[in-house]
Amino acid sequence: MRFQRLPVAVLLLRVAMPLVAQNVPAKDSTASLPTVTVTASRYSRSIFETPLSVSRVSADAWRGTSGYGLDQALATVPGVLAQSRYGNNDIRLVIRGYGARGAGDRSNAGTARGIRVLLDGIPETEPDGRTSFDAFDLSTATSIDVIRSNASAVYGNAAGGVVNVSTVPEFDRAYQRAELTTGGFGLVRYALAGGAPLGTARFHWAGTQSDFDGWRANSQSTRSLLNAGLVAPLGDATRLGVALYVTHDQFYVPGPLTQAQVDADPAQANATYQSRQERRDNRVGRLGVTLDHRLSTSQDLSTMIFVQPKFLHRSERGTFRDFTRLHLGGSAVYHARGAFSPTVTGVLSVGVDMANQDGSIQFYGLTAASTRALDLRDNKREGASNLGVFVTEDLALGAKLGLSIGARYDDITYDYKSNITPKLNDARSFTRVTPKVGLNYRLSATRSVYASIGGGIEAPAGNETDPASTFGQDTVTALNPLLDAIRSTTYEVGTRHLLVHGTGALRELMYDAAGYFTAVSNEIVPYRGGRFYFTAGTVHRMGAELGVNARFAQGWAATGALTLSRNTYEKYVVDSVHYGKPGKFADYAGNEVVGVPKVLLNGTVSWAPERAGGLRVQLGAQQTGSYFVDDANTVSVPSSTILSLGLLTDRVHELGNGFGVRGSLSVQNLTDRRYIGSAFLNPDIVSNVPVAYEPGLPRQVIISIAVVRTK
């Protein structure tokens, strides 16, 4: 098709003509503005030049929180639903409807779907699209970049949105920091961090120990995390980066409740989950190496390799599961900058990504004490690999107009082998070419508008392709032949505008507005709490987003994020044998998609007067609209508004002898409101009652004190 061939034609043109590097005058030489760069195009560029919806969250946004889960930072981003399921790092992450099914029973605790998540630019998302949050801790993070647009044309499988968490600090002299955070329900977190120049290199490290008793029965958690990094120039043209982490993450899963149980005692656990002590015990390490080399004044090459061993133990659904996996991969991206004419310049990007994860899975029974029994019930190997090749061209057509075009080819392959029942062995591949095209127009030095069209692919995750027992143990194949990859096309328009940047009563005002429409085919929908999956023929998602940041005189500031969306099944017929009605069918066309609220609103007002000596008072509000949890649209989660209040120090207060202190006191869920934090989608129905609800965290007081070596 012509749209898909366009990037190839541009690539051939670029190869056929010599790239002549030219000194092109800066577009905004008349204005000195704060610059934010993003990785939406796999290289840094100004946010005003990017034809996609992108956001950056700085560390100030999550100060005063427990820092345990990414939800406390991502809740401030329009288009993003980030829900803490139990108050720890097990979160439900949704961006514009992608990832909605990442909650439930079967292999969904502690993992996300449909969103590509990176740590320091290295993928944590597995080749099949699942992401665990074992290695993410806000006390080690410095900033978070979020691509809210469909980014499959650049990042490949399961990139309905992209979250890149950076842990690399900026410093020019040695530093050390020790921090203690304590809070309600037995929260205690210790964090140590430091960095030191080593000649021209920079070495940094951070370690955290988090313990949380949990507020629901069977919801305790503990996590130890150590990460370290080195950034070192190797000559004038080469930079080496090394990133290492090891983590031990253990958390218990209290499970869903009925509405009557929530009303009677939201702190209780699901009786079945508690009797089995359902939990996850993950030991994960990762070593990543990056090498950036400038080939010439107009060309550079970035390469990356990583290796990630995993040892995972789980008690769930009456079995003890022992996973041993090795996740490894790498990438290479070539950039060439040049000029077609004095007024037309461009950046060509050509890249390849590879990843493979393989390993054994052994299932055992559970003893009366919920430990591993001696009976081996299943022994299999679960392999997944992903190969992607992409090319993009970002053109500057004069001083104001930008054009981005590109495409990517992905091949996601599964290879399952049973060591007990070889006839179940199977392999399957999902492939697609995903194109993109975007336009960006600079109305002024501080304002841009953009429009884009992008394709998307999301292969079903490993547990979704492996059929579970529904009316008896499946003995046909290890891969579900009825599921296909989710395919989507997103149309988007948006604008960014820095209205004010000065010294008057209104010091700064910036807004980011976007609207989108996404057509999805083969939407995967969980049933019976995620034990098996159906495919909806066609889904339409549309929405509008607005983000606002303002700073005033006298230390006042305000931020806000509003999301309005509509998500509907256009074609979706379900075999009602699963409702006990053989031969019948349910047509859900026109119903709302499960798990996606129609309204999300986040707002913060803060006051930090100069005479307060660096103290800041902050009031926040988070509203989550109602949403359905079943395809029939008969069971729903009501809307909720949660308030928070904090007192923080924005600067380090000197203690003497080269040491300083900073701290915070905050109250989360200020009014102690009862609400539903998350829900199982298309949940189990027991005695005609849905078992769906995961109650949200009650009021929690959090105190944090950090001692910093300042000299």
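Amide H to amide H, with H built 1.01 Å from N, Val635 comes under 5 Å of Val629, Asp630, counting only residues 5 or more places away or on other chains. Does segment 630-687 come out rounded, prolate or oblate by the C-alpha gyration tensor, with a ≥ b ≥ c the root eigenvalues, rounded set by a/c under 1.5 and, if not, prolate when a/b is larger than b/c and oblate if not? It comes out prolate by the Cα gyration axes. Working from label points 7 Å from Cα in the Cα-to-Cβ sense, the Leu615 to Asn419 distance is 6.3 nm.
Packing order of peptides 447-460, 182-195, 634-647, highest average first: 447-460, 182-195, 634-647 (average count of other Cβ atoms within 10 Å over each peptide's residues).
Calculated mean residue ellipticity, 222 nm, the chain: -1500 deg cm²/dmol, from DSSP H runs (n ≥ 4) at -39500 (n - 2.57) each, averaged per residue and rounded to 500.
In this structure the amide hydrogen of Arg279, modeled in the peptide plane, comes within under 5 Å of the amide hydrogens of Val253, Ser315, none closer than 5 places in sequence on its chain. Counted residue by residue at 0.36 nm each, then reduced by the alpha carbon distance between them, the extension gain from Thr182 to Asn633 reaches 158.3 nm. Between the beta carbons of Ser44 and Arg674, assuming R0 = 45 Å, the FRET efficiency works out to 0.50 to the nearest 0.05. Short-range pairs are left out: with C-alpha atoms under 8 Å and at least six residues apart, the relative contact order of the chain is 12 percent. The simple Förster model, with R0 at 56 Å and r as the Cβ-Cβ distance, assigns Arg377 and Phe340 a FRET efficiency of 0.30.
Packing here is the average count of other Cβ atoms within 10 Å per residue, and on that basis the peptides 237-247, 653-663, highest first, run 237-247, 653-663.
Electrostatic tally near Leu697: other residues with Cβ closer than 13 Å to its Cβ, Lys and Arg +1, Asp and Glu -1, net 0. If the cut-off is 20 Å between C-alpha atoms, which aspartates and glutamates fall inside it for Lys584, apart from same-chain ones fewer than 8 positions away? By straight Cα distance, Lys584 reaches Glu570, Asp575, Asp630, Asp631, Asp684. Within the straight-line cut-off of under 30 Å between alpha carbons, the lysines reachable from Lys310 are Lys380, Lys417, Lys423, sequence neighbours fewer than 8 places apart in one chain being disregarded. For segment 147-284, relative contact order (Cα pairs under 8 Å, six or more residues apart, normalised by length) works out to 15 percent.
Under a 5 Å amide H to amide H cut-off, with H placed in plane at 1.01 Å, what residues pair with Thr167 once short-range neighbours are removed? Result for Thr167 returns Asp120, Thr142. Using the Cβ-Cβ distance between Phe311 and Thr367 with R0 set to 25 Å, the FRET efficiency works out to roughly 0.75. Phi angles across segment 448-454 convert, under the Karplus curve 6.51 cos²θ - 1.76 cosθ + 1.60 with θ = phi - 60°, into 3J(HN,Hα) values of 9, 10, 8, 8, 8, 10, x Hz, Gly and Pro given as x. When the Cα positions of Ile305, Val596, Val391 are compared along the charge dipole of the chain, Val391 comes out farthest toward the positive end, with charges on each C-beta of Lys, Arg, Asp and Glu. Taking 0.36 nm per residue of separation and subtracting the Cα-Cα distance, full extension of the segment from Thr710 to Val689 would add 1.7 nm. Using θ = phi - 60° in the Karplus curve 6.51 cos²θ - 1.76 cosθ + 1.60, the 3J(HN,Hα) couplings for segment 318-323 round to x, 9, 9, 10, 10, 10 Hz; x is entered for Gly and Pro.
Here the Karplus relation 6.51 cos²θ - 1.76 cosθ + 1.60, evaluated at θ = phi - 60°, turns the backbone of segment 290-301 into coupling constants of 10, 9, 10, 10, 8, 6, 7, 5, 10, 9, 8, 9 Hz, with x for every Gly and Pro.
Any read-out appearing in this document is the output of simple, stated calculations on the displayed coordinates, not a laboratory observation. Only a predicted model underlies this, so the values are computations on that prediction, with no experimental measurement involved. Quick reminder, even Gly has a Cβ in these numbers, built from the backbone with ideal geometry, and neighbours come from all protein chains shown.
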